[in-house]
Amino acid sequence: MREPGSTSFTGAIESAGKFGWRVYSEAVRRGLERAERVVVLGDGARWIKNLADIHFPGAIRIIDLYHAREHVSDLCKILFGQDEDRLHKYREKWWKYLDWGMVKKIITEAETQLPCDSETKKEAIKEVTYLSKNRDRMRYAEFRAQGFFVGSGVIEAGCKNIIAQRLKRSGMQWTVKGANAIISLRCMIKSNRFEDYWCDRAA
């Protein structure tokens with residue numbers, strides 16, 4: 001459970017490299033150098049991994065549980081196709097395995113179900129490989145026991161409430177400069193730093 005006021009936001013329309021420095025700066029402001037443990041929670045995208053390697057090399061890495069479930073669901077669709085009963089059976093079972101951090105068990109069972117068709121098999125192996133490569137970042141039972149978040153719901157909600165609801169209204173058109181000004185302002189307000197921002201500028 002998050003403590004009230006413990007969440008802060010930062011963002012902009014910019015390159016991944018610049019965004020990495022933005023997130024790092026916010027982490028430093030929040031006390032990164034005093035932190036006993038640092039966690040990077042993401043969807044497994046290569047660009048996020050690269051930023052974590054650069055700015056948070058010693059951090060604990062966690063794949064967002066929702067995205068992991070999507071990959072398991074996609075794997076079930078590939079393996080079981082139109083067989084709805086088997087699809088639902090394995091998806092529910094493997095989601096439970098995922099919750100327990102038993103990714104190796106999912107991989108082992110999936111490998112016994114690989115189809116004969118070469119293209120379908122290739123798609124299935126791609127999903128199995130994703131799970132295999134990210135096993136260490138899917139130890140959800142262990143992460144929960146340590147009090148870590150395993151879902152990126154707060155991040156997704158922030159993107160929607162802070163950015164999308166303001167910038168994607170009907171008929172709106174933005175320059176990057178104008179959009180970034182609004183994003184910065186809304187991040188400050190939602191992070192309860194609006195007064196601090198103006199005090200810093202006055203100083």
List the lysines whose Cα sits under 19 Å from the Cα of K168, skipping any in the same chain fewer than 8 residues away.
K160, K177, K190
The chain: calculated mean residue ellipticity at 222 nm from DSSP helix runs of at least 4, using -39500 (n - 2.57):
-18000 deg cm²/dmol
Let's test this: bin the Cα-Cα distances of the stretch 3-90 at 10 Å from zero up to the farthest pair and state each bin's percent.
14, 35, 25, 15, 11, 0
Given an 8 Å cut-off on Cα distances and at least 6 residues of separation, report the relative contact order of the chain as a percent.
27
Which residue fluctuates the most in the chain, going by a Gaussian network model with Cα springs under 10 Å, if the choices are V28, V40, V150?
V28
Taking only Cα atoms and a 10 Å spring cutoff, compute GNM fluctuations for the chain and point out the largest among G101, G58, G44.
G58
Mean-square fluctuation maximum in Gaussian network of the chain, Cα pairs under 10 Å, restricted to T129, T175, T108, hits T175
What lysines could a cross-link reach from K77, if we take a straight Cα to Cα line under 20 Å and drop same-chain neighbours fewer than 8 places away?
K89, K93, K96, K104, K105, K121, K122, K126
Hey, rough spin-label estimate for W21 and I182, points 7 angstrom out along Cα→Cβ, what's it come to in nanometres?
2.6
Cα convex hull of the stretch 65-137: how many Å³ per residue?
74
What are the extents of the Cα atoms of the chain along their three principal axes, listed from largest to smallest and rounded to whole Å?
68, 46, 29
Going from the alpha-carbon gyration tensor of the stretch 99-203, what semi-axes, largest first and in whole Å, does one get by taking the root of 5 times each eigenvalue?
44, 22, 10
Expressed as a rounded percentage, what relative contact order does the stretch 65-137 have, with Cα pairs under 8 Å and six or more residues apart?
37
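A short reminder: the numbers here are calculations on the coordinates, not readings from a lab. Being a predicted model, the structure only gives us computed values, none of them experimental. FYI the Cβ positions are ideal-geometry reconstructions off the backbone, even for glycines, and counts take in every protein chain you see.
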